Each structure stands twice: as C-alpha cells, then as structure tokens.
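Colleague: The structure's right below; bear with me while I get my questions together.
The values are calculated or read from the model by the stated rules, or taken from the named source; none is laboratory data. Note that the structure is a prediction, hence the values are computed from the model and not measured. All Cβ positions, even for glycine, are placed from backbone atoms using ideal geometry, and neighbour counts span all protein chains on display. These accessible areas exclude ligands, DNA and RNA; they are computed on the full protein's heavy atoms, side chains included. Shrake-Rupley method; radii C 1.70, N 1.55, O 1.52, S 1.80 Å.
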Amino acid sequence: MSLTFHWFLPTNGDSRHVVGGGHGTPATAFGRNRPPTVAYLSQIARAAEDLGFVGALTPTGAWCEDAWLTTAMVSQHTERLKFLVAFRPGFVSPTLAAQMASTFQRQTGGRLLLNVVTGGESHEQRAYGDFLDKDARYRRTGEFLQIVRDLWEGKTVDLSGEHLQVEDARLARVPDPVPEVYFGGSSPIAGEIAARHVDVYLTWGEPPAQVAEKIAWVRGLAAKEGRTVRFGIRLHVITRDTAEQAWAEAHKLLDGFDPDTVKSVQAGLARSESEGQRRMLALHGGSREDLEIHPNLWAGIGLVRGGAGTALVGSHDEVAERIKEYHALGIDEFVLSGYPHLEEAYWFGEGVLPRLAAQGLWQHPFAPTTAPAAQVPFTS
C-alpha cells in the first residue's frame, strides 16, 4: 500500500513562527502575520495538491475560522485535493451534518473527509451551548455517528438515544462516495467509539513505542467489533537538505518562544480534560531542555501550541526513515504541517516524498507525469 500524506490549512493564521492556539488556548499574535484568507489558504492547497498530498486537514474551535465554510470556498480553487474537515458532533444535528456532507461531496466531486472531534475542553464546549461532561460527549458522538452512517447508507432512521433523538430521518440524496471518518482520542471511551464507527484512527506524534501501544489497543477493540481500522498520525515537519540546517530552523523557532507566552499556554493546557493533550504535555513537561524525545522527534512545538505538539526534524533522509519507522508499526496515513505552511509543504514534497517514492513506499496520487520533483530526489 502506498503511504498517504495530508497537509494542513492554517485557518488560525500562518507565520514563520509557531502559531499557537487550540485546546482552549487562543491563537498567538503570530497568526496575524499571514491571515487565513481564502486566497492564501488556496495557495497552500494548490501547492499541496501539486506536490502529491491527498488531502488537507482544517481544525475546529473558537481559535480558528470555521472549517466547513472555509473548505467549501477553498475547494473551488482546487481540483483534486480532499478536505479533512474537523467538526464537533455536539454543535449540529446528525441529520443536518449528513446532509451537509452529502452536499459537499456532490459540489466538490467527492473530496470530503470528516475528522470527528468530540471536544476535550468543557469550558470551550459551554461557550457553544454544550454542557455535557467529557464521557457523555463521547457517548453522544457514538449515537451521532450511528445515525449519520445509517443515513449515508440510504436508510430511514428512527433513534431515541441517551443524547440524540431523530424520527423518520432520511436523505433525499446519499453521498457518493461516502466520506471516510477520521477520529482521535486516547481515553478508554474514545477507543470504544473508534472501534465501532471510524475508518481511520488518528494519533498525535508520540514516540514509536507509545504509538505501537495505541495501535494495538484500538486494533484489539476493533477486532472485538468485527471491524478493521486504518491508522494515521498527526505531526509537524522541519526537513532540510542537512540535519544541521533542520535543527537550526527548530532552534530558531524555539528562540522565538516568549517565556511568558510559554508559561501562559502551559497553564491553559494543564486545565485540559483531553487525555491526548495530557500525553503531549508529558513529553516536554513545560521545559525547553531535552526536547528531542526520540531520534528526530522534537517536542518543542507543544510549548506554545495545543493539540499536535511534536515535529519530525532532520535531513530529508532522516525524516524519511522516521516515517518508515512509524509505517512499520501500522501507520499508513500522515497528516503533516510546518511553519510557514506554504514553504514547508515544498520542503517536504520536494525533499522527502521523492525518497519514499524511490523506495516504492509512495507514488504521486494524481498526475506523476506532471510532477517531476516527486520522481527525482531533491538535492542542494
């Protein structure tokens, strides 16, 4: 199986510095360096499309632009790139969400993927009118996905659940193809929901040993449900011609972290109810020391950013080797990003992807004959 790579649309703004935000923390001022206009995000999306990324993730939350609206607009400036749209089940009815997804598929030629985000911060959920606790939110997510998937299959749905109720629900037109569902979560109930309902389980970029444990955990739960699940990982990347150049860029980003900002962000993230966020924080402990937690795996991003807080840092060959290491564990999809997102897409697409292609691990998904950079390794 050819590896699948997705990029990221920074709908909270972009910069040559790390733009913080997420998990209840606001976007940092650096996000104003390159505002998330449709024009700029479309530029990133077109670059990702040309380089061979299959899709682009858009985040969700109060700290960024709305993912549904933004991707609907950006999709009109691209041709083949899919959009991994993050959304929270508690904020929209399941029937309406199923209809929105169906419409998105028809209007874009089948380019929607869904990243289901249950929501790990009660204070942020309450701002949207959602007052359930964390476990209840996950149980609601299970009901939500059950309804949506049945509607996508053309069924008429009647369900009276613990949190959701629909009667005589059906779609006039089902989506074709049916969008794949991506999902992440590290708590026990999250594993149960993933095993029953999702196509791709996403983990943040923890060291390989911890990722292997997560894969075995979810794979076992899915087997009990008579299902199989694919696995993906969410990482940042800093890849250059040499390791020295890549680490110099990482240290430059670290030098830009204001101590007061780090302290404030870490205090905010410490209040998170997310088990995944807790695991991210444990990788660096709020310290600037010993941030390379595994060869070429750097935890510095997590000092100022919620959510995905690790980056693969190194030469193109080294980053390719780390990707192979994760792939050997069972990871087939990589959701990547880097600051700034336009330039880093080219560094990865022209530097790492050709090396993976040369080893038979990746091929350009769209038009190999028009992408010579993906066939010949990039050298300086």
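Colleague: Whose amide H sits under 5 Å from the amide H of ILE238, counting only residues 5 or more places off or on another chain, with H placed in the peptide plane?
Modeller: Residues meeting the criterion, in which the H sits 1.01 Å from N, are LEU312, VAL313, GLY314.
Colleague: Separate question: Shape verdict for the range 206-279, please, from the Cα gyration tensor: rounded (a/c under 1.5), prolate (a/b greater than b/c) or oblate.
Modeller: Taking the square roots of the gyration eigenvalues as a ≥ b ≥ c, the range 206-279 is oblate.
Colleague: Counting every Cα pair in the chain, what percent are over 37 Å apart? Present the calculation step by step, with values, prior to reporting the outcome.
Modeller: Details: 10761 of 72010 pairs.
Considering the chain, 15 percent of its Cα-Cα pairs are separated by more than 37 Å.
Colleague: Grab the beta carbon distance between HIS77 and GLU180, set R0 = 35 Å, and tell me the FRET efficiency rounded to 0.05. Provide the component values of the computation, followed by the final result.
Modeller: On the way: r = 23 Å, r/R0 = 0.65.
The computed FRET efficiency comes out at 0.95.
Colleague: Convert each backbone phi in the range 137-154 into a coupling constant with the Karplus relation 6.51 cos²θ - 1.76 cosθ + 1.60 (shift: θ = phi - 60°), then list the ³J(HN,Hα) values in order as whole Hz, x for Gly and Pro.
Modeller: 4, 5, 5, 5, 4, x, 5, 4, 5, 4, 5, 4, 5, 5, 5, 4, 7, x
Colleague: Here's a follow-up. Would you mind computing, in nm to one decimal, how far apart the modelled labels at GLU343 and GLU292 are, each placed 7 Å from Cα along Cα→Cβ?
Modeller: In this crude spin-label approximation the distance works out to 2.2 nm.
Colleague: Which residues' amide hydrogens lie under 5 Å from the amide hydrogen of LYS82, considering only partners 5 or more residues apart or on another chain, with H built in the peptide plane?
Modeller: GLY55, ALA56
Colleague: How big is the shadow of the Cα convex hull of the range 1-92, averaged over all directions, in nm²? If you can, show how the numbers build up before the last one.
Modeller: On the way: hull surface 27.3 nm².
Over all viewing directions, the range 1-92 projects a mean Cα-hull area of 6.8 nm².
Colleague: Rounded to the nearest 500, what is the 222 nm mean residue ellipticity of the chain from helices alone, with -39500 (n - 2.57) per DSSP H run of 4+ residues and division by all residues?
Modeller: Calculated mean residue ellipticity at 222 nm is -12500 deg cm²/dmol.
Colleague: DSSP loop (so not H, G, I, E, B), at most 14 other Cβ within 10 Å: list which GluC sites (Glu not before Pro) in the range 186-276 pass both filters.
Modeller: In loop regions of the range 186-276 (DSSP not H, G, I, E or B), the sparsely surrounded GluC sites (Glu not before Pro) are GLU225.
Colleague: Can I ask one more? For the range 55-68, what does the Karplus curve 6.51 cos²θ - 1.76 cosθ + 1.60, with θ = phi - 60°, yield as ³J(HN,Hα) per residue in whole Hz, taken in order and with x for Gly and Pro?
Modeller: Along the range 55-68, the couplings run x, 9, 7, 10, x, 9, x, 6, 8, 9, 6, 5, 6, 4 Hz.
Colleague: Whole-Å semi-axes of the range 85-213's equivalent ellipsoid, largest first, each the root of 5 times a Cα gyration tensor eigenvalue?
Modeller: They are 24, 19, 13 Å, listed from largest to smallest.
Colleague: Leaving ligands and nucleic acids out of the surface, order ILE293, ILE323 by accessible area at 1.4 Å, largest first.
Modeller: Sorted descending by solvent-accessible area, the residues read ILE293, ILE323.
Colleague: Of all trypsin sites (Lys or Arg not before Pro) in the range 252-282, which ones are in loop regions per DSSP and have a Cβ with at most 15 other Cβ atoms within 10 Å?
Modeller: Within the range 252-282, the qualifying trypsin sites (Lys or Arg not before Pro) (loop, at most 15 other Cβ atoms within 10 Å) are ARG271.
Colleague: Which of the chymotrypsin sites (Phe, Trp or Tyr not before Pro) found in the range 110-190 are in a DSSP loop and have at most 16 neighbouring Cβ atoms, other than their own, within 10 Å?
Modeller: Qualifying residues, ordered by number: TYR128, PHE131.
Colleague: Under 16 Å Cα to Cα from LYS252, which lysines show up? Leave out anything in the same chain fewer than 8 places away.
Modeller: none
Colleague: Moving on. For the range 168-317, what does the alpha-carbon gyration tensor say about shape, rounded, prolate or oblate, given a ≥ b ≥ c as the root eigenvalues, a/c under 1.5 as rounded, and a/b over b/c as prolate?
Modeller: Prolate, because a/c is 1.5 or more and a/b exceeds b/c.
Colleague: Suppose R0 equals 35 Å; then what is the FRET efficiency for ALA358 and LYS252 from their Cβ-Cβ distance, rounded to the nearest 0.05? If you can, show how the numbers build up before the last one.
Modeller: Details: r = 30 Å, r/R0 = 0.85.
Between ALA358 and LYS252 the formula returns 0.70.
Colleague: List the lysines whose alpha-carbon lies under 21 Å from that of LYS134, not counting same-chain residues fewer than 8 positions away?
Modeller: LYS214
Colleague: With equal scatterers on the alpha carbons only and no solvent term, can you work out the Debye log10 of I(q)/I(0) for the range 224-380 at 0.11, 0.14, 0.21 1/Å?
Modeller: Once normalised to I(0) and log-transformed, intensities are -0.49, -0.75, -1.36.
Colleague: Here's something else I'd like to know. Tell me which of VAL313, LEU132, VAL166 sits at the most positive position along the dipole axis of the chain, charges placed on C-beta atoms (Lys, Arg +1; Asp, Glu -1).
Modeller: After comparing all options, I get VAL166.
Colleague: Given a cut-off of under 8 Å on Cα pairs at least six residues apart, what relative contact order in percent is computed for the chain?
Modeller: 20 percent
Colleague: Whenever you get a sec, compute what percent of the accessible area on the chain sits on carbon and sulfur atoms (1.4 Å probe). Show your work: numbers first, answer last.
Modeller: Numbers: 7650 of 15270 Å².
Carbon plus sulfur share of accessible area: 50 percent.
Colleague: Rounded if a/c is under 1.5, else prolate if a/b is larger than b/c, else oblate: which is the range 36-142, with a ≥ b ≥ c the root eigenvalues of its Cα gyration tensor? Don't jump to the answer; show the numbers that get you there.
Modeller: Working: a/c = 2.43, a/b = 1.81, b/c = 1.34.
Verdict is prolate for the range 36-142.
Colleague: Per-residue HN-Hα couplings for the range 201-206, Karplus 6.51 cos²θ - 1.76 cosθ + 1.60 at θ = phi - 60°, whole Hz, x for Gly and Pro?
Modeller: So the J values, rounded to whole Hz, are 8, 9, 10, 6, x, 7.
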